[in-house]
Amino acid sequence: MAAEAGAQTDRPRFQTPDGFRLLPGFLGPDEQRKLADDVIAAIAHAPLYRPSMPRTGASLSVEMTNLGPLGWISDRGGYRYEPAHPVTGRPWPPMPDALLALWAAVSDWPDPPQACLVNVYGADSRLGLHVDADEDARDAPVVSVSLGDRARFRIGGLRRTDPTRSLVLSSGDVVVLGGAARRCHHGVDRIYPASSALLPEAWRPGRINLTLRRVR
Ligand code: MD3
Ligand code: FE
């Protein structure tokens, strides 16, 4: 029954915020594989690291790196965008052309993205409910691409206590977060191990999420 199918995860009267656009399977299998290969190759030059939280210093369960002119960093000193990798000190690798083309196709924003945050999830990784607020370009959208294992993504409202809705993000799905959605709380509850065969075996179980952003 359709009415029951959504009942487990959907709260009544809340679908998704204005400006939330899910494009299921926007990238085909060949595009996904090429993009995953390019990102994994870039990670060899900008190794994944496990960010720690400001103040507490607690580690995130998600590993990260960045592509493009700027990268998002979190450490004891706070959250910020930096032009170089915190461990190697080298500039972030360039964004693959496919990501610049994707942004141009879906963002409806005149300027190219300045940062691509790469989030890598293992079987037990999670991302707590948060707001992305470290970009001065608050009106520009964020564009997300999911690769590999599926994830249960959760999105709420402007306030932390607002109702939330969860939905599954699958490999090849693109999400555009514009308008009000850009300022909403969101997180990743869990991934579904072995739900995709896209990534090379050494990366399974695993999920790679790319977020394209304007920073300034
Ligand atoms: C809603 N990433 O990198 S992608 C993040 O799957 C982040 O790795 C998640 O949250 C992930 O900050 C979710 C979808 C997404 C990205 C950015 C958003 C949703 C968003 C910004 C504002 C609101
Ligand atoms: Fe986020």
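So which pairs qualify, if the first residue must be in the stretch 169-185 and more than 19 Å from Leu99 (Cα to Cα), the second must be part of a loop (DSSP other than H, G, I, E, B) and within 11 Å of ligand 2 (Cβ to nearest atom), the Cβ gap must be under 7 Å, and the two must be at least 6 apart or on different chains?
Correct list of pairs: Arg183/Val131; His185/Val131.
Could you tell me whether Asp97 is open to solvent by 10 Å² or more (accessible area, probe 1.4 Å) and out of contact with any strand residue (DSSP E or B) (no Cβ under 8 Å at 6 or more places or on another chain)? Quick ask: steps written out before the conclusion?
Working: open to solvent by 10 Å² or more (accessible area, probe 1.4 Å): yes; out of contact with any strand residue (DSSP E or B) (no Cβ under 8 Å at 6 or more places or on another chain): yes.
Yes.
Using the structure shown, decide if Ala105 is at pLDDT 95 or above, farther than 29 Å from Glu201 by Cβ and within 16 Å of ligand 2 (Cβ to nearest atom). Please lay out each step first, then the result.
Numbers: at pLDDT 95 or above: yes; farther than 29 Å from Glu201 by Cβ: yes; within 16 Å of ligand 2 (Cβ to nearest atom): no.
Criteria not met by Ala105.
Which of the residues belonging to the stretch 160-196 are of a type in the set (Ser, Thr, Tyr), surrounded by fewer than 21 Cβ atoms within 10 Å (Cβ to Cβ) and in a loop (DSSP other than H, G, I, E, B)? Full working, then the answer.
First, the residues of the stretch 160-196 that are of a type in the set (Ser, Thr, Tyr): 161, 164, 166, 170-171, 192, 195-196.
Now drop any that are not surrounded by fewer than 21 Cβ atoms within 10 Å (Cβ to Cβ), which leaves 161, 164, 166, 170, 192, 195.
Across the stretch 160-196, the qualifying residues are Thr161, Thr164, Ser170, Ser195.
Hey, can you tell me all the residues within the stretch 149-183 that are in contact with a Leu (Cβ under 6 Å, 6 or more places away or on another chain) and away from ligand 1 (no atom under 11 Å from the Cβ)?
Result: Ser171, Gly172.
Residue by residue through the stretch 5-58, note down the ones that are of a type in the set (Gly, Ala, Ser) and modelled with pLDDT of 95 or more.
Step one: list which residues in the stretch 5-58 are of a type in the set (Gly, Ala, Ser), which gives 5-7, 19, 25, 28, 36, 41-42, 44, 46, 52, 57-58.
If the condition is that a residue be of a type in the set (Gly, Ala, Ser) and modelled with pLDDT of 95 or more, then Gly19, Gly25, Gly28, Ala36, Ala41, Ala42, Ala44, Ala46 are the ones that fit.
Being more than 12 Å from ligand 2 (Cβ to nearest atom), in a strand (DSSP E or B) and of a type in the set (Gly, Ala, Ser) is the filter here; which residues of the stretch 114-159 pass it?
Within the stretch 114-159, Ala115, Ser146, Gly148, Ala151 qualify.
The values are calculated or read from the model by the stated rules, or taken from the named source; none is laboratory data. Since we're looking at a predicted model, the values are computed, not measured. Cβ: placed from backbone, ideal geometry, glycine included. Neighbour counts: every protein chain shown. What goes into the accessible areas is simple: the full protein's heavy atoms, side chains included, and nothing from ligands, DNA or RNA. Shrake-Rupley method; radii C 1.70, N 1.55, O 1.52, S 1.80 Å.
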